[in-house]
Each structure stands twice: as C-alpha cells, then as structure tokens.
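Take a look at the structure below.
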Amino acid sequence: MIKRKKVWQYGFLILASVFSVFPLYWMAVSATNRSAEVIGGRMLPGGYLLENIKNLLAAQNVGRGMFNSLKYSVILTLISLVICSLAGYGFEIYHDRMKDSVMSLLLLAMMVPFAATMIPLYQMFSGFHLLNTTLGFILPTLSTPFLIMMFRQSARSFPHDILEAARLEGLNELQIFFRMFVPTMRSTYAAAMTITFMNAWNSYLWPKVIMQDTSSMTMPMLVANLTEGYVTDYGMLMLAVLLCTIPTIVIFFILQKSFAEGITGAVK
C-alpha cells in the first residue's frame, strides 16, 4: 500500500515536472526552426539556429538590449537590497506602534496596481527630465513593501542579545547592521536579490513608457518589437525569448538553495 502510494506521488511529480519544463523545451527547439515549422508544431531541433541568429542581429540591436537590461537590473537590485534591508531592519529592531502603522500603510500600498499610478509618475518624471535615464527606470521600484516586509520578518529571528553585546563593545548601529546583520541574513538577501533581479529584467510596461529612445531599449521591449508588423518570424522571436530568459534562469539556479532558505525565513 505504501509503495503504491509512492508510485502515485512520484508519477504526479514527474507529470508536473514535464508540464513545467515543456514550455522551455519548446522555446529552445523553436529557436532552431523556421517560422513555418514553429507554426506547424515541430517538436524536434532544426538546423536554422544560425540563420535565426543572423536575422535577429539584423533586425534588432540585441547587444544594446542585453547591456541595458543588465545595467538597469543590477543597479536596481543592489540599491534596492540596501534600502529595503535597512528599512526592514529598522522597522523590527526599533519597533513601536507608529512604525507598525507606517508598515500597515506600506502593505496597503501593495494593493494599488501600478497602472493606476503610471500616468502621474510619467508626468512627474517628465517634469524632472528623467526620461530615457537609468534613474527614471529604477526610482518607482527602488523600494517595495514586499521586500521591506521580507527583511522585517527575517529581522525578527535576529538575536537581540547580539545587538546589546555589540553596543556594549562600542559598535554603532550601522556597524552592527553591516558587520553582523547582513552576514547573518545571507539567504534572505539571496532570495530578495533573485526576486528583484527577475522583476527588473522582465519589466516591460514602465520601461516602455519611460524609455522612448531606441538606445535605451531593454530586452522585453526588443522582444515585443519583433511581433510588430504584418508578418512575424516565430523562429527569430523564440530565439529572442530564449536569450531574454537565460540570465534569469542562471541567476535562479545559482541562488536556488539560498532562495528557498530565504523564503522560508532560515537564518545562517
């Protein structure tokens, strides 16, 4: 009975894995086929990868798009981690009712869709001449309530006895944060970095509004441009989607273990 139960469990997991991996497989295979073969549902690798690469490079500036996406994502991730971790640390370590009220307002702001604030943001950024700039890209998502809440929850497991001992040793609050809190919360930082990088890399709506110059185009914008026009080359499109997906896959697999620990609130 137990063996039969395990067979059903493993069978379900295998089936779920196949459904999860199949879109990635089909995307990779389609990048090696012609558009007609992709439309026809060909599931085997073809011999047109080099041709699709040549057509993609001729149609779009892929190097510029990859560089812009990487630049914006890395800058946003690094600054966001510092700001949100400091905020989450402060909300928990210096806890009082007023900070709880502020945190409640931040969490309430998560319920407001970005589309509702996009037009006022555009008008404000346009007035400050921040169109087509890195600062204009990162400012709206530089600090998010979700990351602040994540770091606040992690700070609850940080031993307060260590804080008191460090203060008695003469360390100031910033030294305690960077020398003791940051190394202890490595898994939380890994999880936050993965989430922030993936969101920044895959961001499309705000860059489409704020980045009006072709030299500021990101990879999601580049992929969207390939679908414009009367005829879509699906082989070339799938190759662009594959190139756009690779960096996030690499980041996730590198930080996979730490990501799982950070999400569950583990402290090292």
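Which condition does LYS3 not pass, out of (1) closer than 29 Å to ILE195 by Cα; (2) modelled with pLDDT under 90; (3) loosely packed, with under 11 Cβ neighbours inside 10 Å, if it passes all the others?
Condition not satisfied by LYS3: (1).
For the range 34-48, which positions are in contact with a Phe, Trp or Tyr (Cβ under 6 Å, 6 or more places away or on another chain) and in a loop (DSSP other than H, G, I, E, B)?
ARG34
Okay, residues lined up against (1) modelled with pLDDT of 85 or more; (2) touching a Lys or Arg at 6+ places or on another chain (Cβ under 6 Å); (3) more than 20 Å from VAL62 (Cα to Cα):
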{"position": "ARG186", "(1), (2), (3)": "yes, yes, yes"}
{"position": "LEU205", "(1), (2), (3)": "yes, no, no"}
{"position": "GLN212", "(1), (2), (3)": "no, no, no"}
{"position": "PRO220", "(1), (2), (3)": "yes, no, no"}
{"position": "ALA240", "(1), (2), (3)": "yes, no, no"}
{"position": "CYS244", "(1), (2), (3)": "yes, no, no"}
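How many residues does the range 222-238 hold that are acidic (Asp, Glu) and either at pLDDT 90 or above or surrounded by fewer than 18 Cβ atoms within 10 Å (Cβ to Cβ) (or both)?
Going through the range 222-238 one residue at a time, the tally reaches 1.
Inspect all residues belonging to the range 167-177 and state whether any of them is more than 30 Å from GLY47 (Cβ to Cβ), among the small types (Gly, Ala, Ser) and not in a helix (DSSP H, G or I).
yes
Which residues, taken from the range 1-32, are aliphatic (A, V, I, L, M) and part of a helix (DSSP H, G or I)?
ILE2, VAL7, LEU13, ILE14, LEU15, ALA16, VAL18, VAL21, LEU24, MET27, ALA28, VAL29
Given the structure, is TYR94 among the aromatic types (Phe, Trp, Tyr) and in contact with a helix residue (DSSP H, G or I) (Cβ under 6 Å, 6 or more places away or on another chain)?
Considered against the rule, which asks whether it is among the aromatic types (Phe, Trp, Tyr) and in contact with a helix residue (DSSP H, G or I) (Cβ under 6 Å, 6 or more places away or on another chain), TYR94 comes out as no.
Only one residue in ALA109, ALA155 is among the aliphatic types (A, V, I, L, M) and either without any contact (Cβ under 8 Å) to a residue 40 or more places away in the chain or exposed (fewer than 13 other Cβ atoms within 10 Å of the Cβ) (or both). Which one?
Matching residue, one of ALA109, ALA155: ALA109.
So, of the residues in the range 158-205 that are of a type in the set (Phe, Trp, Tyr) and closer than 22 Å to MET219 by Cα, which turns out to be farthest from the chain's Cα centre (by Cα)?
Residue satisfying both the conditions and the ranking: TYR204.
Among the residues of the range 178-205, write down those that are buried (at least 18 other Cβ atoms within 10 Å of the Cβ) and of a type in the set (A, V, I, L, M, F, W, C).
PHE181, MET185, ALA190, ALA191, ALA192, MET193, ILE195, PHE197, ALA200, TRP201
Give, as residue ranges, the helices (runs of 4 or more DSSP H) completely inside the range 49-163 that count at least 3 residues that are within 15 Å of SER203 (Cβ to Cβ).
Those helices (runs of 4 or more DSSP H) span 62-93, 114-127, 134-138.
The values are calculated or read from the model by the stated rules, or taken from the named source; none is laboratory data. Please read these numbers as outputs of a predicted model, since none were measured by experiment. Please note: Cβ atoms are built from the backbone with ideal geometry, for glycine as well, and neighbour counts cover all protein chains shown.
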